[in-house]
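S.K.: Structure in structure tokens, see below.
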Amino acid sequence: MNAKLPQLTPFVGPDASIQATASSHKSHLDLLGLYKVSALVVVLFLVYVELPSYIHAQNDSLPPKYFYYVFFVVLAPLLILRFRALISYVISPFSLWAFALIMLNIAHLLVALSDGDEGRVSVIGTGIQYTVLTVLLGFACSITQTKSYERIFPFVAVLIPTMVIVDFLSPGLFYPLGAEGTVAGRASATFINANKAGEAMLLTFLLAIPVLRPRYRALLLLLVGAGVILTFSRGAILGWMLLWLFLLVMKSVPKYTLVVPLAAFGALPLLVGSFQSYLEGREDLSAGVDNLLGRLEFFRDGVLDDGSGLARAQGLEAGLDLFLENPIFGAGAGATEVWLLPTNPHNQAVKLAAEYGIFGIAVLVALAVILWKGKYFQDKAFQLTAATGVVFLSMFTPNMFVFPYWLMTFALISGKRRA
């Protein structure tokens, strides 16, 4: 008799149940981690390549704010899922600094609204939104392992100078010739403004340092130098030279690379003359050749007597006068953006002093201290370099607090690496 035995249900003990729950929880955490890293890498790429502004320059119907709204929506779930961590980040030095800047701008915004100054209202409002978004991005980085997203920086640090070189060799590829904000021959790729491209190359190289070995740093430094030179941005070129000198002193790049800057410095008159002949022979750069040659002559003669240099000197003097007239509260946020002069001070300290008075100076000093005390770099010397570099470049740019790639760099460097 072949009786069919009843099928037995295996017994599931408490240990097996716990393992299943732990496995499910781990899977949930893995998915959340993958989401965080993927979102961060994409957002950081878009920020440091300036794609939102570039796309807007090509299509007026797509302003950058639409992209930043999407960034906020993508990263907003982290605010809910990691609320306790958010509370801790809110009281971090950078967040407190950012909120102080936001409150200062809100006060100026209310004054601009009462005066009916729509130009200043727009400038101030944009700055507030960028600062809020940066705090959110900084929080996302603070709860994510640094190694999981930092490799985007060497990639971007290679991509930007490569695009700039292509832009110089093939004008009109990235934007129409004669586009607003451009100068023929001053390559800028997706940044449109050549000064911004120079700044972004230096910042992404700095953020790539922890990822790269010394010999790869040297190779990347050469590529960045080629890109920076083709922007003809005097501040960025000087910053690149000083950065190389520092890396040599700190033995962060091989000693033999010293031959490159020494040879370039020794042959500077010959190089400038050869480059001048090359530029004059490029018919597609004829519209901006005077501007380019004036910038080259600065490195040969050390004199700022070209049109751009004189305009900046005028803006700098006007900014200082504005500060002396309003030393306590300043002339108001955005004042140097809407005045009748052809250019703003092109100096972050002077711009802050002119617009915010002594409060603006305090904001910049506080930022320098926060960056110096940050722990993003394991080597404290690099941390000091980053803080010093920001102060140095502040003498050549007035837009540190309104460009996302600058604000994001502040958020990263002022924080600490997460293992």
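S.K.: Sorted by packing (mean other beta-carbon atoms within 10 Å per residue), highest first, where do 169-181, 117-129 land?
M.R.: Highest mean packing first, the order is 117-129, 169-181.
S.K.: Just to check, using Stokes-Einstein with a Kirkwood Rh over alpha carbon pairs, what's the diffusion coefficient of the chain at 25 °C and 0.890 mPa s in µm²/s?
M.R.: 104
S.K.: Could you work out how much longer the chain between Leu31 and Asp321 gets when fully extended? Use 0.36 nm per residue separation minus the Cα distance between them, nm to one decimal.
M.R.: Using 0.36 nm per residue and subtracting the Cα-Cα distance, I get 98.8 nm.
S.K.: Take the range 159-303, compute every pairwise Cα distance, and split them into 5 Å bins from 0; I just need the percent in each bin.
M.R.: For the range 159-303, the pair-distance distribution reads 2, 10, 19, 22, 20, 15, 9, 4, 1.
S.K.: Output needed for the range 26-165: three equivalent-ellipsoid semi-axes, defined as square roots of 5 times the C-alpha gyration tensor eigenvalues, in descending order, whole Å.
M.R.: Largest first, the range 26-165 gives 28, 23, 13 Å.
S.K.: If you don't mind, another one. With unit charges on the beta carbons (Lys and Arg positive, Asp and Glu negative) and the dipole taken about the Cα centre of the chain, which residue among Ala76, Tyr48, Gly315 sits farthest to the positive side?
M.R.: Working it through, the farthest residue towards the positive pole turns out to be Ala76.
S.K.: Something else about it: Within the set Lys251/Lys351; Lys196/Lys351; Lys36/Lys373; Lys65/Lys196; Lys65/Lys375; Lys351/Lys373, which residue pairs have Cα atoms separated by over 28 Å?
M.R.: Lys251/Lys351; Lys65/Lys375
S.K.: Evaluate the charge dipole of the chain about its Cα centre and quote only its size in Debye, nearest 20, assuming +1 on the Cβ of each Lys and Arg and -1 on the Cβ of each Asp and Glu.
M.R.: Computed charge dipole of the chain: roughly 2340 debye.
S.K.: Please turn the phi angles of the range 353-369 into ³J(HN,Hα) values with the Karplus equation 6.51 cos²θ - 1.76 cosθ + 1.60 (θ = phi - 60°), one per residue in order, whole Hz, x for glycine and proline.
M.R.: 5, 5, 8, 10, x, 5, 5, x, 5, 4, 4, 5, 4, 4, 4, 4, 5
S.K.: Would you mind counting up the charge near Pro171? Only other residues with Cβ under 12 Å from its Cβ, with Lys and Arg at +1 and Asp and Glu at -1.
M.R.: Local charge sum for Pro171: -1.
S.K.: How large is ³J(HN,Hα) for each residue in the range 106-122, as worked out from phi by the Karplus curve 6.51 cos²θ - 1.76 cosθ + 1.60 (θ = phi - 60°), to whole Hz, x for Gly and Pro?
M.R.: 5, 4, 5, 5, 5, 5, 5, 5, 5, 7, x, 8, 5, x, 5, 4, 5
S.K.: With n ≥ 4 as the cut-off for DSSP H runs, can you work out [θ] at 222 nm for the chain, using -39500 (n - 2.57) per run divided by the number of residues, rounded to the nearest 500?
M.R.: Theoretical 222 nm ellipticity from helices: -23000 deg cm²/dmol.
S.K.: A further question follows. Please give me the summed charge of the neighbours of Ile143: other residues whose Cβ is under 11 Å from its Cβ, Lys and Arg +1, Asp and Glu -1.
M.R.: +4
Bear in mind these aren't lab numbers, they're just calculated from the coordinates by the rules spelled out. Everything numeric here is computed off the predicted structure, so don't read it as measured data. Cβ coordinates were reconstructed from backbone atoms using ideal geometry, including for glycine residues, and neighbour counts include every protein chain displayed.
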